[in-house]
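Report on one structure; see the data block that follows.
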Amino acid sequence: MKMTIKEVAERANVSIATVSRALNNHPKISHATKEYILQIAEELNYKPNFTARSLAKKETKIIGLVLPEIQGDFFTEVIKGVDQVAHSGGYHVVVAGSHSERSIVESIMSFMGESMVDGVILMIPAISDQLKELISIDNAPSVVIINGKHDIEDFDIVYIDNFQGAYSITDYLLKNYGYTKIAHIKGPNKNNDAAERLAGYKAALIDNNIEPLEEWIVNGDFTIKGGEYACSRLLSLRDKPEVIFAGNDMMAAGCYRVIKAHGLSIPGDIGVVGFDHTFLSEFISPPLTTVHVPILEVGKTAASLLLEKIKNKEHKPEQIKISTGIILGKSCKKVLVENPA
């Protein structure tokens, strides 16, 4: 069985980037480390694909796109946006799905070697030190990251303004609908987009002199099933919220299922809002009030930035913000406030 660079790194107990530097005689790696890694590579009979490496230095007119999932409205729109810009620039797109950091690393290594791409767009939940090191090595293709964390220097990043989107919809529920008891279903842990949305929700409450209640902040995973579980927990509380702000539309749809299964109405008994404004938000009943994310623009912006980086070797890293808005559906209602006598 053919050995991979990942297996060499595991045996040598070093990063993939360090192995790559050793194989490429990088000046930043010590002589002892390089000799040790080369010895491990020889013992494992690891044969780098030098043909692919030499071809990779030429223009291939192919870009890679790594996504957490390759199904669902959100990711379909991202793919469409990337493909539109790539096609107009004469490029083809190869898409890979990743469900863990390990599979992300494997996808990147595949693109760097056998796939021979000119650049890669990574839509990832978090940016680890290992990933930073990997995409910074000498023979790595040009990379653009789509991620909620945007304060990272030396990398090209396209990010959704998650904080402002979450802040705005929470503030709108307070000031325009009269809700004061607002729960939040978070996205996955170690997900930068989810963390920014939680922070925006909390900030809006605090700015309106409302202390966020931990029992009204529950874990989710950006799936319909995760929304169902989280909503069930919220409905089991003695002190129930008046409205649920789900971290994305998928979890909001899960809330719809559970609320209706309990014989409750939306928005009569409880309101629901989401985030993303996917197609799903318009077809569930009642139509969902949600934060609009121009998802197609996210993909197009990332692809345009990547093509610029491929063409211009003097390109300086950019961080591009994608703004959000509010789409008013019918999943909330005005809360009547009695005037004092």
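Bear in mind that the values in this text are calculations on the coordinates, not laboratory data. Computed from a prediction, not measured in an experiment: that's the story for all the values here. All Cβ positions, glycine included, derive from the backbone under ideal geometry; neighbour counts span all protein chains shown.
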Per-residue HN-Hα couplings for the range 194-199, Karplus 6.51 cos²θ - 1.76 cosθ + 1.60 at θ = phi - 60°, whole Hz, x for Gly and Pro?
4, 5, 5, 5, 4, 5
Helix 295-311: inclination vs the chain longest Cα principal axis, degrees, rounded to 10, gives 20
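Relative contact order, percent, of the chain when contacts are C-alpha pairs under 8 Å separated by at least 6 residues?
18
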Once amide hydrogens are built 1.01 Å from N within the peptide plane, the residues lying 5 or more places from Gly271 or on another chain with amide H under 5 Å from its amide H are Val243, Ile244
I'd like the orientation of helix 101-112 relative to the chain: the angle between its Cα long axis and the longest Cα principal axis, in ° from 0 to 90, rounded to 10.
50
For the chain, with a Gaussian network of springs between Cα atoms less than 10 Å apart, report the residue from Asn162, Asn45, Asn219 with the top mean-square fluctuation.
Asn45
Within the chain, helix-based [θ] at 222 nm, where runs of 4 or more DSSP H residues each add -39,500 (n - 2.57), nearest 500
-13000 deg cm²/dmol
How many angstrom lie between the Cα centre of the range 241-304 and the Cα centre of the range 147-210?
15
Here is the link list: Lys225/Lys260; Lys28/Lys321; Lys186/Lys260; Lys132/Lys190. Which ones come out longer than 25 Å on Cα distance?
Lys28/Lys321
Over the alpha-carbon set of the chain, divide Rg by the Kirkwood Rh and report the Rg/Rh ratio to two decimals.
1.07
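Under the Kirkwood approximation for Rh and a Cα-based Rg, what ratio Rg/Rh is obtained for the range 252-334?
Numbers: Rg = 18.5 Å, Rh = 15.0 Å.
The Rg/Rh ratio comes out at 1.23.
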Result for the chain, cysteines with no Cys Cβ partner under 4.7 Å, is Cys332
Can you compute the charge dipole magnitude of the range 226-341 about its Cα centre, using +1 on each Lys and Arg Cβ and -1 on each Asp and Glu Cβ, nothing else charged? Give it in debye, rounded to the nearest 20.
160
Taking amide H positions as placed 1.01 Å from N in the peptide plane, with prolines and chain starts having none, which residues 5 or more places from Ile160, or on another chain, fall under 5 Å of its amide H?
Asn147, Ile322
What size of dipole, in debye to the nearest 20, comes out for the chain about its Cα centre when the only charges are +1 on Lys and Arg C-beta atoms and -1 on Asp and Glu C-beta atoms?
360
How high is the relative contact order of the range 162-294, given as a whole-number percent (alpha carbon pairs under 8 Å, six or more residues apart)?
23
